[in-house]
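The values are calculated or read from the model by the stated rules, or taken from the named source; none is laboratory data. What you are looking at is a predicted structure, and each value in this text was computed from that prediction instead of being measured. Cβ sites come from the backbone with ideal geometry, for glycine too, and all protein chains shown count toward neighbours. Calculation scope for accessible area: heavy atoms of the full protein, side chains included, ligands and nucleic acids excluded. Shrake-Rupley method; radii C 1.70, N 1.55, O 1.52, S 1.80 Å.
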Amino acid sequence: MAMPTETATVALPRPLSERWKPLRAGLVDMFYYDVEEFRFHDGRLLLRGNNGTGKSKVLALTLPFLLDGELAPHRVEPDGDRQKRMEWNLLLGGKHPHPERLGYTWLEFGRRAADGTEEFLTLGCGLKAVRDRGIVRHWFFVTTGRVGTDLALVSSTGVPLTRDRLRDAVEERNTVHDRVHDRASDYRRAVDEALFGLGEHRYAALVNLLIQLRQPQLSKKPDERLLSRALTEALPPLSPALIGTVA
């Protein structure tokens with residue numbers, strides 16, 4: 001399962017839409033992967049394989065986690081199991097050969113402006129876990145660079161970058177979006193400003209809705225009231241002008 005990414009020899013996907021759409025996702029030293037990349041087609045990704053091969057794990061570590069930034073198991077894991085703590089994704093429940101491990105998960109978006117200009121935005125999270133201590137540090141980044149060309153998450157010796165080295169690599173691009181964040185709230189604000197422009201309340205409602213809808217076998221035991229509330233909160237607010245007209 002741990003195969004190197006061939007970004008150096010395979011052409012990177014290009015955006016074709018004026019809307020932001022995911023182009024690639026990747027894991028570095030996470031789960032059973034060393035360095036792995038997954039490519040989207042027109043914003044869609046199909047993961048196919050036998051049970052236990054890691055399909056759900058890839059999704060749990062990318063979407064909606066990289067829009068949310070919260071490490072709580074009930075928000076990360078599709079089945080909401082509170083026992084599946086984030087450090088397991090690094091240390092594998094003690095089965096990893098080393099007592100500590102540092103890894104990254106990332107997601108790249110792209111769009112093409114009306115004048116043909118291509119824009120990219122990469123979201124990511126770095127995590128460090130230590131045996132018997134859990135996650136000892138985590139950080140987030142938003143960058144206009146592309147992993148594999150503008151940004152390397154692994155050093156020339158094959159070691160994932162520390163937070164400080166990543167910050168230097170990201171912030172040297174010196175744009176308003178190229179930043180490393182230590183707090184999930186700051187990270188979510190940066191993601192919303194770069195991709196959605198919804199504002200804090202509506203963005204939180206959107207992420208909560210995604211977490212509700214991605215539950216496995218949702219239709220077998222739906223919570224109608226919870227789902228209805230999530231859908232309602234995710235709707236845009238009514239225009240004051242429309243409310244005035246109706247009144």
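Residues that are under 19 Å from L161 (Cβ atoms) and surrounded by fewer than 15 Cβ atoms within 10 Å (Cβ to Cβ) were ranked within the range 90-115; the one that is farthest from the chain's Cα centre (by Cα) is H98. The set of residues from the range 130-141 being in a strand (DSSP E or B) and more than 16 Å from L61 (Cα to Cα) comprises V130, G134, V136, R137. Among the residues of the range 63-89, those that are open to solvent by less than 50 Å² (accessible area, probe 1.4 Å), touching a Phe, Trp or Tyr at 6+ places or on another chain (Cβ under 8 Å) and touching a residue at least 40 places away in the same chain (Cβ under 8 Å) comprise L66, G69, N89. Pairs are defined by a Cβ separation below 8 Å, a sequence spacing of at least 6 or placement on different chains, a first member in the range 160-174 that is hydroxyl-bearing (S, T, Y), and a second member that is outside any helix (DSSP H, G or I) and at pLDDT 95 or above; the pairs so defined are T162/L102. The single condition among (1) in contact (Cβ under 8 Å) with a residue 60 or more places away in the chain; (2) small (G, A, S); (3) on the phi < 0 side of the Ramachandran plot that A129 does not meet is (1).
Could you list, in sequence order, the residues of the range 51-71 that are among the β-branched types (V, I, T) and modelled with pLDDT under 95?
Residues of the range 51-71 among the β-branched types (V, I, T): 53, 58, 62.
Result: T53, V58.
Output yes when any residue across the range 119-129 is assigned to a strand (DSSP E or B), more than 21 Å from F40 (Cβ to Cβ) and open to solvent by 20 Å² or more (accessible area, probe 1.4 Å), and no when none is. Within the range 119-129 (the criterion being assigned to a strand (DSSP E or B), more than 21 Å from F40 (Cβ to Cβ) and open to solvent by 20 Å² or more (accessible area, probe 1.4 Å)), the answer is yes, since at least one residue qualifies. Take the conditions over 18 Å from the mean Cα position of the chain (by Cα) and either open to solvent by 20 Å² or more (accessible area, probe 1.4 Å) or over 30 Å from G94 (Cβ atoms) (or both) and apply them to T175. Does it pass? For T175, the condition - over 18 Å from the mean Cα position of the chain (by Cα) and either open to solvent by 20 Å² or more (accessible area, probe 1.4 Å) or over 30 Å from G94 (Cβ atoms) (or both) - is met.
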